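Just so it is clear, none of the values below were taken in a lab; they were calculated from the coordinates. This is a predicted model, so every value here is computed, not measured. All Cβ positions, glycine included, derive from the backbone under ideal geometry; neighbour counts span all protein chains shown.
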Amino acid sequence: MKRFFLLLLGSCALLLPLNSRAQEVSAAYRTEAITITRQLAAFIVLDDARQLPVRRLTQQRLSQETEARQLYANDPDMLQKKLTAIGQEYTLQLGSLLSAAQYERYLAAAPGTLPASVAAIRQPAPTAQVPAPRTTASHPEPARASIPAARPAAAKTATVRR
């Protein structure tokens, strides 16, 4: 019983520093997110009801960016792609939180006006594909009459003998 108690106490002592370190990192993100949200609030005239969700979203983005920087430290190409994806997702989620006028102000912000960690990153515009003109037929095809689909025959009920 003493061994079990000592083992349990030892494992708790080992896990305690990991938990406090996670709280320190979280506190750092929280203070940075508060600062960034205040700057963003001043620029886009963010109302009080939306500040907390925006701050949480910003804190989540900071955490994701730090994790990506750690994972892709040796691959700058992949790191840039991941950071761009995180930024695009943040911009989309921010669009669902803000009013239309606030979101337009956010998107219209000139580069360098807002901190880089909250700058708008737009989705790439889809390329419009122009259909090629038809040159093979000089006469249009006659319109085909649509034939209604035949209805399936009603299933006959079978009697079951018992």
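Can you find, among THR58, PRO76, GLN88, the residue farthest towards the positive end of the dipole of the stretch 12-107? Put +1 on the C-beta of Lys and Arg, -1 on that of Asp and Glu.
THR58
Figure the gain on full extension for VAL45 and ILE121 (residue separation times 0.36 nm, minus the Cα-Cα span) and round it to one decimal in nm.
Taking 0.36 nm per residue and subtracting the Cα distance, the gain is 25.4 nm.
Between GLN60 and GLN88, what length comes free when the chain is fully extended (0.36 nm per residue of separation minus the Cα-Cα distance, one decimal in nm)? Before the final figure, lay out the partial values.
Details: separation 28, 0.36 × 28 = 10.08 nm, distance 1.34 nm.
The GLN60-GLN88 span can extend by a further 8.7 nm.
On the Cα set of the stretch 12-107, report Rg and Dmax in Å, please.
Considering the stretch 12-107 through its Cα atoms, Rg and Dmax are 15.7, 52 Å.
If the only charges are +1 at each Lys and Arg Cβ and -1 at each Asp and Glu Cβ, what is the size of the charge dipole of the stretch 12-107 around the Cα centre, to the nearest 20 debye?
The calculation lands at about 140 debye.
Please give the FRET efficiency for SER99 paired with THR35, using the beta carbon to beta carbon distance and R0 = 22 Å, rounded to the nearest 0.05.
Details: r = 23 Å, r/R0 = 1.03.
In this case the efficiency is close to 0.45.
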